[in-house]
Amino acid sequence: MLAKQLFRASRMWLFVFTSLTSIAQQAKDSVTLLHEVVIEQSHLGNYAISKYTLRVDSLTRALASGGSVADLLRKHGFGHVRGYGPGGLATTSFRGTGSSHTAVLWNGINLLSPLSGQLDLSLVPVGFIDDASIQTGGAASLYGNGSIGGTILLNNKAAFGEGLKLKTFSNGGSFGSYYQDVGMSWSGKKFISSTKAFLNVAENNFTFLNDNVFPTQIQQRQHTATHQKGILHQNYWQPSANNLFTFKFWWQDNTYEVPNPTSIVGKAEAVERNTFYRAVAGWNYTHQKFDLNYQGAFIRHDLNYSDPASNLVSLSTFNTSINNLEGNFVVDKNSTLTSGINYTWEQGKVDAFAGQTPERNRIAFFSAFKFKPATRWEMSFALREELVNTQTTPLAPTITTKVSVAKGLHIYNTLSRNYRIATFNDLYWKGAGASGNAYLKPEISIGGEVGLQFNYPFATTRKSLTFKTAVFSNDVDNWILWSPNALQIWSPQNIKKVWSRGIEAQATAHKNIRDVGLELSFQYSFTQATSESIYENANINELGKQLMLTPQHEGSITTRIIWMELHINLVNTYTGKQFINSDNSDFYPMQPYIISNFWLSKPFRISRTIFTLTGELNNIFNIAYQSRPGYPMPGRNFKVGVSINFN
């Protein structure tokens, strides 16, 4: 299988190389260096003046370009990824909150499903993203519904006047994995057109130690193949210095074989197919100190789940239309103001809704103000109020103060109120043994943090050091929890209250030794997330105990070496002990584990073409671990590949 995949990849490389060489021979010899312009639609992110942020740098993104955003976050230690094995559902959890408490924005558009309140990050290819960052902590005033534990920001960018660019990347490796993408863009003085396409397939037939059978035995994971393909097309048109029009279209088709958990003996036959498209059109008008942004988006997502073993076929679809208008004002050299309105229409069609096709109209009004009351002081205020079918949600304000204590040293504090509305599944589900609740209230969180940021460039000694830390507290009330009633019918209720608190820290030290660049960075988080109230008939021992599947300790250490354009990355990630029951009893808890991953890349230039060889070795020490009980992760595995770029 691997030989066939590498043969297919070699044919693609040969074809692209021949094409690039032919084009290069026709190109002029002169090279013009152009200033890159980052194109943004929303300015609200500028008001997060001191959010604790985990940034994915360009090298990390490039090394992970053959995988999903879930792979990138997990392998590089960016937060806690809740995954169900290769190809399975993958979501994130920050600061002890749930999977539906992280907002995910693509170029300012919230991608969370109105059915589940989540976004499966295994469906987001890194190759389609030009810039990624994670802001931990709530920011519903800026980003809207669901931003309670954190926000993932995924963006695309472009630059005018860069001419023709062609790119392809291929890799193959363990467990029948093969990835291929191609991209072409033309960038003139006033118009940009860019198209990317990818194919990702894998058998995922790795071996693992199954400790759910007696005696324990080595088994091969079955029925876990995946097949993904997609296209991203973008246009940017700037007819004048004041006007910019944008258009983006993202289509993707994903098919997964759904394996059984290791505790179930028997052949799995279930298959899940996710198909979606997302279209976004935008207009930006700028005049002196005023900037007007409009974005209109439409999202359709179809999920088809079928299991021949149980004669189950489940179809679900959601449609979302988003319109966002915001005005940005430069009041003076020390203050800016942004205000706007967002209208979102949502519709859900699910077999388990008993014939209902619910719709929801959401209108949000927001405003943010940033100013400097003194030379070393900076403050920002943000406010959002949303109406859902004319019913108001909790008012979401945020206030942040930032003080420059000394050169390179900043101290800040943030206080915010955030919210998450109930999903269509929570409200309208009518499946066997379960029933939704139409009277659910929005979840509310009150969160705050105090942080410190230190950045000191040692310019004369070719060294640099950055450090940031934050102490946080987040109180979530009206937490929606599905629980059984006296008739053993599962239903969601606003019956849980959770208090999470802890500390986050990260540091990076860089030093150049002659021609060698050395960088060492670490990230660490301690999270104590406890249940402060429990539902009726629950175990009283759950009170004050750590939430299930929520590690207290997580961290990573990354070593990076750059020499003669050879890039070497070694990442060690640590995930602490996780309890699989809500009373924290030591009955088969998930034990802590350390996973080591290694990447390298080396570019070679031929005229205007850059060939980059890449390789990665994951789980170097072949650690047996699970991200979720019953869903093992692969042992030692590898990928090798090559990218070709022509400019």
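Please treat every number below as a calculation from the coordinates, not as lab data. Computed from a prediction, not measured in an experiment: that's the story for all the values here. Here Cβ is always computed from backbone atoms with ideal geometry, including for glycine, and neighbour counts include all displayed protein chains.
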Using DSSP to define loop residues, name the GluC sites (Glu not before Pro) in the stretch 251-288 whose beta-carbon has at most 16 other beta-carbon atoms within 10 Å.
269
Expected unfolding gain across residue 392-residue 220 under the 0.36 nm per residue rule, minus the alpha-carbon gap, is 56.7 nm
FRET efficiency for residue 242 and residue 345, Cβ-Cβ distance as r, R0 = 35 Å, nearest 0.05?
0.70
Just to compare against my own numbers: the Cα pair-distance distribution for the stretch 432-517, 5 Å bins, whole % per bin, please.
3, 11, 13, 11, 9, 9, 8, 7, 7, 7, 5, 5, 4, 1, 0
If a paramagnetic tag sat 7 Å from the Cα of residue 55 along the Cα-Cβ line, which residues of the stretch 134-150 would have the backbone N under 13 Å from that point?
134-135
The FRET efficiency for residue 356 and residue 300, from their Cβ-Cβ distance with R0 = 30 Å and rounded to 0.05, is 0.95
Please say if the stretch 492-647 is rounded, prolate or oblate, where rounded means a/c under 1.5 for a ≥ b ≥ c the square roots of the C-alpha gyration tensor eigenvalues, and otherwise the choice is prolate for a/b larger than b/c and oblate otherwise?
prolate
Hydrodynamic calc, the stretch 359-480: Kirkwood Rh from Cα pairs, then Stokes-Einstein at 37 °C with viscosity 0.692 mPa s, so D in µm² s⁻¹ is 185 µm²/s
Cα extents of the stretch 304-418 along the three principal axes, largest first (Å):
68, 32, 21
Bin by bin, in steps of 10 Å, what percent of the Cα pairs in the stretch 148-225 do you find, going until the bin that has the longest distance?
14, 23, 21, 23, 11, 6, 1
When the scattering of the stretch 574-645 is computed by the Debye formula from its Cα atoms alone, each counted once and equally, what is log10 I(q)/I(0) at q = 0.13, 0.17, 0.18, 0.20 Å⁻¹?
-0.56, -0.73, -0.77, -0.86
Sticking to Cα atoms, compute the Rg of the stretch 259-358 to one decimal and its Dmax as the biggest Cα-Cα distance, whole number, in Å.
22.3, 69
Which stretch or stretches of the stretch 610-647 have amide N atoms under 17 Å from the point lying 7 Å from residue 268's Cα along the Cα→Cβ direction?
625-635
Net charge near residue 520: determine it from the other residues with C-beta under 10 Å of the C-beta of residue 520, scoring Lys and Arg +1 and Asp and Glu -1.
+1
Which trypsin sites (Lys or Arg not before Pro) in the stretch 400-429 pass both tests, a DSSP loop state and at most 14 other beta-carbon atoms within 10 Å?
407
Where in the stretch 175-192 is the amide nitrogen less than 11 Å from a point lying 7 Å along the Cα-to-Cβ axis of residue 249?
none
Karplus (6.51, -1.76, 1.60) ³J(HN,Hα), θ = phi - 60°, over the stretch 419-427, in Hz, Gly and Pro reported as x:
8, 9, 7, 5, 7, 4, 4, 4, 8
Take the residue pairs 51/196; 441/577; 157/229; 51/333; 229/602 and return only those whose Cα atoms are more than 25 Å apart.
51/196; 441/577; 229/602
With label points set 7 Å from each Cα along the Cα-to-Cβ direction at residue 565 and residue 404, the distance between them in nm comes to 3.8 nm
In the neighbourhood of residue 126 defined by beta carbon distances under 9 Å, the net charge of the other residues (Lys, Arg +1; Asp, Glu -1) is 0
Each residue of the stretch 144-159 in turn: what ³J(HN,Hα) in whole Hz from Karplus with 6.51, -1.76, 1.60 and θ = phi - 60°, glycine and Pro shown as x?
x, 3, x, 7, 10, x, x, 9, 9, 10, 10, 9, 10, 9, 8, 9
Taking other Cβ within 10 Å of each residue's Cβ, how do 80, 287, 410 sort, fewest first?
287, 410, 80
Let's test the formula: R0 of 45 Å, r as the Cβ-Cβ distance of residue 539 and residue 511. What FRET efficiency results, to the nearest 0.05?
0.30
Based on the inverse mean of 1/r over its pairs of different Cα atoms, what is the Kirkwood hydrodynamic radius of the chain, in Å?
26.2 Å
Between beta-carbons, use under 14 Å as the cut-off and find the net charge around residue 375, counting Lys and Arg +1, Asp and Glu -1.
+4
Does the stretch 33-139 come out rounded, prolate or oblate by the C-alpha gyration tensor, with a ≥ b ≥ c the root eigenvalues, rounded set by a/c under 1.5 and, if not, prolate when a/b is larger than b/c and oblate if not?
oblate
So for the stretch 523-564, what are the equivalent ellipsoid semi-axes in whole Å, largest first, each being the square root of 5 times an eigenvalue of the Cα gyration tensor?
40, 8, 6
What shape does the stretch 89-176 take by its C-alpha gyration tensor, where a ≥ b ≥ c are the square roots of the eigenvalues and a/c under 1.5 counts as rounded, a/b above b/c as prolate, and the rest as oblate?
oblate
For a quick check: sort 587, 646, 175, 371 by the number of other beta carbons within 10 angstrom, fewest at the front.
587, 371, 175, 646
Just grab the label-to-label distance for residue 485 and residue 588, each label 7 Å out from Cα along the Cβ direction, in nm (one decimal).
3.2 nm
